[in-house]
């Protein structure tokens, strides 16, 4: 606790802007969105006009990747600006001890901690998925306001339960929400919180975290029927997912309309992203990318991402800059003129957002899902090492020449292959030394 307080005080002393000078931040993360499931990214059947316009008003990224091919690790990387394994989240955090693979390090400082310490009103609206009990509840990890779903996936978009447990909360109090679609609920709560924040003298940082379009694929009936009418040859599976995404697009539009109504659009930095790629068996389309969610190929990792900030970020711009989820924390702090903490694995890409001429980040990019039989990948420049099976089988790709990962170059470049294997092995040794079990898991053994 003393370390955390010291960290917060240091940030308060070192930032140079007053709260009145700081912009609002709206960070939108959706769940399991396919790389080609927005019309802005080339979808031939799904129509997402509100997200498309948001992206047109800012900078769209074509090579942004999640830190992991599954939910919790990527969310941990976003919150902490670090590789997820180093903060105790190698896999999916779940309800039951026997099937949970993560315990967010209580000492890790979050992006919400940093913004709260710098005079921001911080809120999380929607899905949390990083812990069910103290000290890993949203209010204890830097979010002044939590209004959302404490668990992981929902078993039903109208019931809002997981394993028959109701997980909708306002701060630490359970709330009854049965009967309304979860996307509508989160949108209503987002708008309500923005309106409350507008009355506050402080700028706001809102993490708007939708469950959609994660399975189960439960679109409102009218959106499902409308998609079928426009696309009569679509499978029922595709029509349901399309309806769920188009409903989400409409809902995000409602939030954007609220910003416009309040006259704060120009002073709000908006990020849109997904926690990982889409799942093909539920109807997702990842375009030409290989594979999907739960895989270490680009279809599981590459995510639709944009930054929008009027007069600060070029409009109608497209960047092929390579960045990943853990870069959001340093980038957003840098963008609004706040001190970026030392020791982060992520790096700021704000120069790219301003001028589109930032030099590539020179680093080792680790992508991991270290539960079960363990899947992982390492990218250095354009070379990518992949281990995606139960067997100790590794592949090497050059993404510059082979973005669809069809040509294994491990035999053609044995020295590069060996070098990257050694780097990956060293990282895994470090990762395996970090505690990922919550106290109840350790005490049960």
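The values are calculated or read from the model by the stated rules, or taken from the named source; none is laboratory data. Just so it is clear, the model here is predicted, and its values are computed rather than measured. Every residue, glycine among them, receives a Cβ derived from its backbone with ideal geometry; neighbour counts consider all protein chains shown.
For residue 155, indicate whether it is in the same structural domain as residue 84 (by TED's automatic domain parsing) and outside any loop (DSSP other than H, G, I, E, B). No; evaluated as a whole, the condition is false for this residue. Failed condition for residue 294, given (1) surrounded by fewer than 20 Cβ atoms within 10 Å (Cβ to Cβ); (2) within 19 Å of the chain's Cα centre (by Cα); (3) assigned to a helix (DSSP H, G or I), with all others met? The one condition residue 294 does not meet is (3).
Can we say residue 351 is free of Cβ contacts under 8 Å to residues at least 60 places away in the same chain and surrounded by fewer than 22 Cβ atoms within 10 Å (Cβ to Cβ)? Yes, satisfied. Of the helices (runs of 4 or more DSSP H) lying entirely inside region 45-138, the ones with 3 or more residues being in the same structural domain as residue 170 (by TED's automatic domain parsing) and more than 24 Å from residue 267 (Cβ to Cβ) are found at 71-80.
Against the definition (buried (at least 19 other Cβ atoms within 10 Å of the Cβ), in contact (Cβ under 8 Å) with a residue 40 or more places away in the chain and over 17 Å from the mean Cα position of the chain (by Cα)), how does residue 94 come out, yes or no? In short, yes. Exactly one residue out of 97, 113, 85, 105 is closer than 24 Å to residue 25 by Cα and touching a helix residue (DSSP H, G or I) at 6+ places or on another chain (Cβ under 7 Å), and it is 113. Checking each residue of region 259-269 against the condition of being without any contact (Cβ under 8 Å) to a residue 40 or more places away in the chain and assigned to a helix (DSSP H, G or I) gives at least one match. Taking the stated definitions as given, is residue 46 touching a helix residue (DSSP H, G or I) at 6+ places or on another chain (Cβ under 6 Å), buried (at least 18 other Cβ atoms within 10 Å of the Cβ) and at pLDDT below 95? Answer is no for this residue. Scanning region 272-291 for residues that are buried (at least 23 other Cβ atoms within 10 Å of the Cβ) and touching a strand residue (DSSP E or B) at 6+ places or on another chain (Cβ under 7 Å) yields 272, 274, 275, 277. Remark: residue 205 matches the filter, which requires a residue to be closer than 21 Å to residue 146 by Cβ and crowded, with 18+ Cβ neighbours inside 10 Å. Residues that are out of contact with any helix residue (DSSP H, G or I) (no Cβ under 7 Å at 6 or more places or on another chain), in contact (Cβ under 8 Å) with a residue 24 or more places away in the chain and within 24 Å of residue 78 (Cβ to Cβ) were ranked within region 168-191; the one that is surrounded by the most Cβ atoms within 10 Å (Cβ to Cβ) is 186. Checked against (1) out of contact with any strand residue (DSSP E or B) (no Cβ under 6 Å at 6 or more places or on another chain); (2) surrounded by fewer than 23 Cβ atoms within 10 Å (Cβ to Cβ), residue 200 passes all but condition (1). Test residue 148 against the stated conditions and say whether it is in the same structural domain as residue 216 (by TED's automatic domain parsing), buried (at least 24 other Cβ atoms within 10 Å of the Cβ) and in contact (Cβ under 8 Å) with a residue 12 or more places away in the chain. Spelling it out, residue 148 is indeed in the same structural domain as residue 216 (by TED's automatic domain parsing), buried (at least 24 other Cβ atoms within 10 Å of the Cβ) and in contact (Cβ under 8 Å) with a residue 12 or more places away in the chain.
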